[in-house]
Amino acid sequence: MVITWYGNACLGIETRERGEESKSLIFFPQDKTSRSHAMEERAAIVVVPQDVKPNEGVFAIIGPGEYELAGFSIYAVPANISGSFGAAVKIHVENMNVLWLPALPTRPLSDKEFDDIGEIDIFLLPLNQEKNGKYISPDAATAVSLMNAVEPKLTIPFAREEKTMRDFFEEAGVKNAETLDKFSIRKKDLPEELQIIHLKV
């Protein structure tokens, strides 16, 4: 599995089974001038807010539900996280569980939400909160607290400002993190202890 960050809440996941063409899913694709557009054009699945029209011929997830498509098992868990997309998205692919949130929750997740999310291998963690249609940067301890509660093996944070990203790494105690263009991972290579990955746009 290969994970790429395209900026803001837009990330892509690409998977390839032996002897088959790669299949991809993209979260919150950006406008057609962005770097994410090429991946959106070939994606089997997009996760988008209800007010965004996806490309023709692509399967769009616009809210809570369960979906099985193109090698991805997807559970969009109802959660009051973001005004534009009311769900946390859990994906099972290549025998790994990936969690993506559109924005950092403005309140702690409930016990039921944690139960629905279940065990997570890779957490795509937003560092910005959405309030009244605008994105703000709470203190980094909020994101670190959520990460610790989810207990993933790997975390890939994303933010709208570089300072927010730096503050998170400092709060998490990570120094001199290697910055990657994309991140490749297989089930057998998951770490025993939490590892935080720094992707660049």
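The numbers here are math on the coordinates, done by the rules we state, and not lab data. Just so we're clear, the structure is a prediction, and the values are computed from it rather than from any experiment. Don't worry about glycine lacking a Cβ; one is built from the backbone with ideal geometry, like all the others, and counts go over all protein chains shown.
Odds and ends about this structure:
- Once C-alpha pairs closer than 8 Å and six or more residues apart are averaged by separation and normalised to the residue number of the chain, the relative contact order reads 17 percent.
- The H on the amide N of GLN195, modeled in the peptide plane, is under 5 Å from the matching H of LEU154, THR155, each at least 5 residues off or on a different chain.
- ASP189-SER145 FRET efficiency (beta carbon distance; Förster radius 35 Å; 0.05 resolution): 0.80
- TYR6, TYR75 arranged by Cβ crowding within 10 Å, fewest neighbours leading: TYR75, TYR6
- Table column - 3J(HN,Hα) (Hz), region 187-201, Karplus curve with 6.51, -1.76, 1.60, x for Gly and Pro: 3, 5, 9, 4, x, 6, 10, 3, 10, 10, 9, 9, 8, 10, 7
- Helix-only [θ]222 nm of the chain, DSSP H runs n ≥ 4, -39500 (n - 2.57) each, per residue, nearest 500: -4500 deg cm²/dmol
- Ordering of 100-111, 172-183 by packing is 100-111, 172-183, highest average first (other Cβ atoms within 10 Å, averaged per residue).
- Unsatisfied cross-links (Cα-Cα over 25 Å) in the set LYS90/LYS187; LYS131/LYS182; LYS23/LYS200; LYS90/LYS200: LYS131/LYS182
- Taking SER137, SER22 and counting other C-beta atoms within 10 Å, the order from fewest to most: SER22, SER137
- The local environment of TYR75, defined by Cβ-Cβ distances under 11 Å, has a net charge of -2 under the rule Lys, Arg +1 and Asp, Glu -1.
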